[in-house]
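Student: Questions regarding the structure given below will be posed in turn.
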Amino acid sequence: MEYVALYRKWRPKGFSELVGQEHVSRTLAQAVVGGRVGHAYLFSGPRGTGKTSTAKILAKALNCEKGPTAEPCNACESCRRISDGTSMDVMEIDAASNRGIDEIRELRETVKFAPTTGRYRVYIIDEVHMLTSEAFNALLKTLEEPPPQVVFILATTELQKVPATIQSRCQRYDFKRIAAKDIEARLQEVTEASGVTADGAALALVAREADGGLRDALSTLDQCISLAEERVTEPLVREILGLVGRESVLRILRALAAKDAKAALSAVGDVLAEGKDAKQLVAELIAELRAAMVYQAAGVPEGTELYETDEAALEETAALFSPEDFLPMLRALHDALVELRWTTEPRIAVETALLSVCRSGGIPTKREESMASAGARDSEAGMRVLAARIEALEKKLAAGAAVPLREGAAPRRDTQGVKKTPSAARTNGRLPGKAGAASGASLVKTEAGEALWKQLLAALEADGEKVVLACAVNGMFGGMTDQYFCVQFTSAFLANRLKKDDFRKVLEAYLERLSGSPLRLTVEVEELSEAPKKTKEETLKREKSAKEAVEALPPEARAAVEPLVEIFGDDMKIVPAEEMNDGIQRQEPPPADM
């Protein structure tokens, strides 16, 4: 006799045999008995949870010679033909391979005919979400007003892809994942009826790894029975499913708890050397950690399925970590699981995640330690120097003495290589307008101020403020007082951009954080006297507005320039490259270790 796979041989034949879907079977059985059968049903849920089986049971219940009945006899000719798939009144359509409008038009022609032997013509459309938009539109009218003896049953694993217009015309039933204990009980029944010896731990493992799908569990059991010599054991199931195993998982978790990167990487190497899948390893680590986290917080809550069911094992794992440890570990492992979907180097993804866990919680890298110590020294020394400079400055101002721009140096002359533009010029070293009047002090260039400027650029780079940094890095420290911090530019465009509220407020917030006191940002423009002069007429003639210039560019160039317009706004001008290069001095970003 031809061998029949377990999932086909043990397909439920009545509503009472459905596993884990009592809410569906009870409702449909009562509808059949009460004569309240709808014209269209929509079954949605994960694979292997009984959608197609329920559809066939409903078809038999409606067409059974002893029905309509809640429990079809499975002995009459109609029931046997439906079970065998040879009934002329029950049409099964696979929407994955019959998804076009032509197939739906053909269906619309056949629904006009009366049933041949039964009471109803039943159309079961599996994976209905695979139909095209045109096919769905063609189905709408028929689905809304079918002939009186026609019942449509649509099944899908992706409900969100089914149009709302289709859903609204159907009675919807949601199939849930089947509980592991229910799957295990069904597997026990199957093995006993098949004369197969299987360990309880092995069946529990098959049920847990089926992820709520009874069909997957039966297929796995079928494979285990084929490979087993005398009995189905837990090690055999692990081998067939390619599972890593709790011993290896616990070895890695102990290394993570001890922040022992060497032991963690060694354990990962041993697992991968055995041919285990990196994705499976990360998945089991996540499942074990989740079980330990739940057990540590609430024991074993009723209705909650855990990766490990033995309370002694759960307690052992939970004792390795504090409640605060779980979140960063799970986040790092979840990130690695996402990366494993596309990376060509899965081992690197796993090792990186484990190293990040080992280094978290106060174990910085050497580079992080050097940066932190250098930053602390610079900040501490800089604040001391700044406080001394300000104190000396206040004494000189109180005595009415003139304060030069740089201590020990003569005031800088405008004619020596640099010329101030009228729009941003200073008068005798004082800040213009309101700033100078409010402070009554002159700008002073100090070593502390230079250090503060470098710290500011480094902080922008470290925090990922790339847009603000790209503008600020072209400036230079121009002096400061107890209330003001000046930045000088040789480009009026960049200076005007930095003056805008969005960039200015960001820099002022950083200045207050680094210096410990609020500082107002002022911006000045200076251009080199050697720069070739352009007449006003030439400039106006050659410049174009940003919008006009971008619209004139070819599509590929426009895509590269449009983000710059969004950043810099209407103040941005498109000019020839040679004009932009004239007289502009670019300051490189500070080294990363500052």
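Student: Of all residues in the range 89-123 being among the small types (Gly, Ala, Ser) and out of contact with any strand residue (DSSP E or B) (no Cβ under 7 Å at 6 or more places or on another chain), which is modelled with the lowest pLDDT?
Tutor: Out of the qualifying residues, it is 118.
Student: Here is a further query. Check 174, 211 and return the single one that is on the phi > 0 side of the Ramachandran plot, under 34 Å from the mean Cα position of the chain (by Cα) and either at pLDDT below 90 or charged (D, E, K, R) (or both).
Tutor: 211
Student: If you scan the range 109-140, which residues turn out to be within 23 Å of residue 62 (Cβ to Cβ), open to solvent by 20 Å² or more (accessible area, probe 1.4 Å) and in a helix (DSSP H, G or I)?
Tutor: Once the filter is applied, which keeps residues that are within 23 Å of residue 62 (Cβ to Cβ), open to solvent by 20 Å² or more (accessible area, probe 1.4 Å) and in a helix (DSSP H, G or I), the range 109-140 yields 109, 110.
Student: Turning to a different aspect of this structure: Inside the range 18-54, can you point out the residues that are open to solvent by 40 Å² or more (accessible area, probe 1.4 Å), in contact (Cβ under 8 Å) with a residue 12 or more places away in the chain and charged (D, E, K, R)?
Tutor: Result: 47, single match.
Student: Kindly evaluate residue 297 against the criterion of being assigned to a helix (DSSP H, G or I), more than 22 Å from residue 205 (Cβ to Cβ) and open to solvent by 50 Å² or more (accessible area, probe 1.4 Å).
Tutor: yes
Student: Let me ask something else about it. Restricting attention to the range 481-498, and to residues there that are part of a helix (DSSP H, G or I) and not basic (Lys, Arg), which single residue is surrounded by the fewest Cβ atoms within 10 Å (Cβ to Cβ)?
Tutor: So the residue we want is 492.
Student: Can you name the condition, by its number, that residue 106 falls short on among (1) of a type outside the set (A, V, I, L, M, F, W, C); (2) without any contact (Cβ under 8 Å) to a residue 24 or more places away in the chain; (3) open to solvent by less than 70 Å² (accessible area, probe 1.4 Å)?
Tutor: Result: residue 106 passes all but (3).
Student: Okay, next question. Taking only the range 447-460 into account, find how many residues are of a type outside the set (A, V, I, L, M, F, W, C) and either at pLDDT below 85 or crowded, with 22+ Cβ neighbours inside 10 Å (or both).
Tutor: Counting residues in the range 447-460 that are of a type outside the set (A, V, I, L, M, F, W, C) and either at pLDDT below 85 or crowded, with 22+ Cβ neighbours inside 10 Å (or both) gives 1.
Student: Which ones in the range 304-339 are open to solvent by 50 Å² or more (accessible area, probe 1.4 Å), touching a residue at least 24 places away in the same chain (Cβ under 8 Å) and within 16 Å of the chain's Cα centre (by Cα)?
Tutor: 328, 334 - these are the residues of the range 304-339 that are open to solvent by 50 Å² or more (accessible area, probe 1.4 Å), touching a residue at least 24 places away in the same chain (Cβ under 8 Å) and within 16 Å of the chain's Cα centre (by Cα).
Student: Exactly one of these conditions fails for residue 94: (1) under 46 Å from the mean Cα position of the chain (by Cα); (2) closer than 19 Å to residue 41 by Cβ; (3) surrounded by 15 or more Cβ atoms within 10 Å (Cβ to Cβ). Give me its number.
Tutor: Of (1) under 46 Å from the mean Cα position of the chain (by Cα); (2) closer than 19 Å to residue 41 by Cβ; (3) surrounded by 15 or more Cβ atoms within 10 Å (Cβ to Cβ), only one is false for residue 94: (3).
Student: A further question on this structure: Out of the residues in the range 177-201 that are in a loop (DSSP other than H, G, I, E, B) and aliphatic (A, V, I, L, M), which is least open to solvent (accessible area, probe 1.4 Å)?
Tutor: 178
Student: Shifting gears a bit: Please verify whether the range 156-164 includes one or more residues that are basic (Lys, Arg), closer than 21 Å to residue 46 by Cβ and either in contact with a strand residue (DSSP E or B) (Cβ under 7 Å, 6 or more places away or on another chain) or surrounded by fewer than 21 Cβ atoms within 10 Å (Cβ to Cβ) (or both).
Tutor: yes
Student: Assess whether residue 99 counts as being open to solvent by less than 70 Å² (accessible area, probe 1.4 Å), under 26 Å from residue 45 (Cβ atoms) and free of Cβ contacts under 8 Å to residues at least 60 places away in the same chain.
Tutor: Criteria not met by residue 99.
Student: Can you tell me which residues in the range 340-357 are in contact with a Leu (Cβ under 6 Å, 6 or more places away or on another chain) and open to solvent by less than 20 Å² (accessible area, probe 1.4 Å)?
Tutor: 349, 353, 357 - these are the residues of the range 340-357 that are in contact with a Leu (Cβ under 6 Å, 6 or more places away or on another chain) and open to solvent by less than 20 Å² (accessible area, probe 1.4 Å).
Student: Is it the case that residue 243 is buried (at least 17 other Cβ atoms within 10 Å of the Cβ) and not in a helix (DSSP H, G or I)?
Tutor: yes
Student: Taking the conditions exactly as written (modelled with pLDDT under 90 and either more than 35 Å from the chain's Cα centre (by Cα) or among the aliphatic types (A, V, I, L, M) (or both)), does residue 229 satisfy them or not?
Tutor: yes
Student: Kindly indicate the residue of the range 1-17 that is assigned to a helix (DSSP H, G or I) and open to solvent by 30 Å² or more (accessible area, probe 1.4 Å) and also nearest to residue 181 (Cα to Cα) among those meeting that condition.
Tutor: 17
Student: Go through the range 71-80 and report how many residues are in contact (Cβ under 8 Å) with a residue 24 or more places away in the chain and either more than 23 Å from residue 18 (Cα to Cα) or surrounded by fewer than 20 Cβ atoms within 10 Å (Cβ to Cβ) (or both).
Tutor: Summing the residues that are in contact (Cβ under 8 Å) with a residue 24 or more places away in the chain and either more than 23 Å from residue 18 (Cα to Cα) or surrounded by fewer than 20 Cβ atoms within 10 Å (Cβ to Cβ) (or both) in the range 71-80 gives 3.
Student: Only one of (1) of a type in the set (Gly, Ala, Ser); (2) open to solvent by 70 Å² or more (accessible area, probe 1.4 Å); (3) modelled with pLDDT of 85 or more fails for residue 437. Which number is that?
Tutor: Tallying (1) of a type in the set (Gly, Ala, Ser); (2) open to solvent by 70 Å² or more (accessible area, probe 1.4 Å); (3) modelled with pLDDT of 85 or more, residue 437 fails exactly one: (3).
Student: Output the residues belonging to the range 159-193 that are free of Cβ contacts under 8 Å to residues at least 40 places away in the same chain and not hydrophobic (A, V, I, L, M, F, W, C).
Tutor: Listed by number, the residues that qualify are 160, 161, 163, 165, 168, 181, 184, 188, 189, 192.
Student: Look through 90, 122 and report the one residue that is without any contact (Cβ under 8 Å) to a residue 40 or more places away in the chain and within 30 Å of residue 212 (Cβ to Cβ).
Tutor: 90
Student: Restricting attention to the range 218-231, does a residue exist that is closer than 21 Å to residue 312 by Cβ and in a loop (DSSP other than H, G, I, E, B)?
Tutor: So far as the range 218-231 goes, no, none of its residues is closer than 21 Å to residue 312 by Cβ and in a loop (DSSP other than H, G, I, E, B).
Student: For the range 273-285, which positions are surrounded by fewer than 17 Cβ atoms within 10 Å (Cβ to Cβ) and either in contact with a strand residue (DSSP E or B) (Cβ under 6 Å, 6 or more places away or on another chain) or among the hydrophobic types (A, V, I, L, M, F, W, C) (or both)?
Tutor: Correct list: 273 only.
The values are calculated or read from the model by the stated rules, or taken from the named source; none is laboratory data. Being a predicted model, the structure only gives us computed values, none of them experimental. Using ideal geometry, Cβ is built from the backbone for each residue, glycine included, and neighbour counts are taken over all protein chains shown. Side chains are part of the model used for accessible areas, which takes the heavy atoms of the whole protein and leaves out ligands, DNA and RNA. Shrake-Rupley method; radii C 1.70, N 1.55, O 1.52, S 1.80 Å.
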